[in-house]
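This report refers to the structure that appears directly beneath it.
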Amino acid sequence: MNEIIRKRKSVRKYDFTPLDTTILKNIQSQIENVKPLYPDIPYSIEIVNKTKGMFNVKAPHYLIFGSEEKEGASENIGFIGQQLDLFLAASGIGTCWLGAAKPEEKEVSTLPHVICMSFGKPTEPLYRELSQFKRKPLSTISEGSDPRLEAARLAPSGVNAQNWYFIAENGKIHCYRKKPNPLLGFWLNKMSFIDLGIALCHIAEESENFQFQKEANAPKRKGCIYMGTVQA
């Protein structure tokens, strides 16, 4: 498994000194080379220095993700953003997904805002031991056998809800999100789409040839909504 997947963590304490210009240029280059889950959905990623909103984390820099509002947009942003999360963690830079934060600038992008990610030099441990992950066992979020499911299990999610389910079958992985819970509110239900994209990024990292598409005859799962299948 990708070494960073096995040890990354969300960082909430940072050195507020801005990163070196060369490092920021490398990050910008990586932004321009990410691979979207859905190439036909327009999106934007911008680096800013301030955000606002609930549960915000103070950091020297933030990634601001925007997207055209259409089916698959949130999964696409989760998939793209987690590539950057893993890249930054591998570069010694801390990150944290911020679902409720927003940019302070009125017009950072012409596309609707989706989510933020803080990043910078951490003042707390950047990595953790595998035993320190607080995750549901595979038996409660999946059925069937596929080594890539462990990478998906370790993916971050909003309030660590892990509102996904996977069925491994004949080399394929059918992917689902749990049906919305009215008690959780709009924000967490919206996050479940982004979270699935994050988990799919981890699966893609462990796949030789990653392809994701919907199938007409995918198995049904009670209490879940089918989102697509990672092809064999």
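The values are calculated or read from the model by the stated rules, or taken from the named source; none is laboratory data. It should be emphasised that the depicted structure is a prediction, and the values quoted were computed from it without experimental measurement. Neighbour counts run over all protein chains shown; Cβ positions are idealised from the backbone, glycine included. Surface areas here come from the heavy atoms of the whole protein model, side chains and all, with no ligands, DNA or RNA. Shrake-Rupley method; radii C 1.70, N 1.55, O 1.52, S 1.80 Å.
Report D for the chain in µm² per second (integer): Stokes-Einstein, Kirkwood Rh on Cα pairs, 20 °C, 1.002 mPa s. Stokes-Einstein gives a translational diffusion coefficient of 119 µm²/s. Could you sort out which of Lys102/Lys172; Lys134/Lys179; Lys50/Lys179; Lys136/Lys222; Lys136/Lys190; Lys7/Lys70 sit more than 26 Å apart by Cα distance in this structure? Where the Cα-Cα span goes over 26 Å, the pairs concerned are Lys102/Lys172; Lys50/Lys179; Lys7/Lys70.
Loop-located chymotrypsin sites (Phe, Trp or Tyr not before Pro) in segment 1-99 (DSSP state not H, G, I, E or B) with no more than 12 neighbouring Cβ atoms inside 10 Å: Phe16, Phe55. Of the GluC sites (Glu not before Pro) found in segment 41-81, those in coil by DSSP whose Cβ has at most 11 other Cβ atoms within 10 Å are Glu69, Glu71.
Note on the chain: with a GNM built from Cα contacts shorter than 10 Å, the maximum mean-square fluctuation among Ile77, Ile173, Ile41 falls on Ile41. Shape index of segment 172-232: Rg/Rh, with Rg the Cα radius of gyration and Rh the Kirkwood radius from the inverse mean 1/r over Cα pairs, equals 1.01. Label sites at Ala161 and Gln211, each approximated as a point 7 angstrom past Cα along Cα to Cβ, lie 3.2 nm apart. Overall, the accessible surface of segment 93-183 at a probe of 1.4 angstrom is composed of carbon and sulfur to the extent of 51 percent. Contact order for segment 37-165, expressed relative to its length and based on alpha carbon pairs under 8 Å spaced 6+ residues apart, stands at 25 percent.
For the chain, the membrane-span-like helices by this rule, meaning whole DSSP H stretches whose C-alpha atoms cover at least 20 Å of axis and whose Kyte-Doolittle mean is -1.0 or above, are 73-90, 185-205; this says nothing about an actual membrane.
Derived from the Cα gyration tensor, the three semi-axes of the equivalent ellipsoid of segment 1-92 are 22, 17, 14 Å, largest first. In this structure, Lys70 and Lys222 have a Cβ-Cβ separation that, at R0 = 30 Å, corresponds to a calculated FRET efficiency of about 0.60. The label point for Ser10 and the one for Ser91, both projected 7 Å from the Cα toward the Cβ, are 2.2 nm apart.
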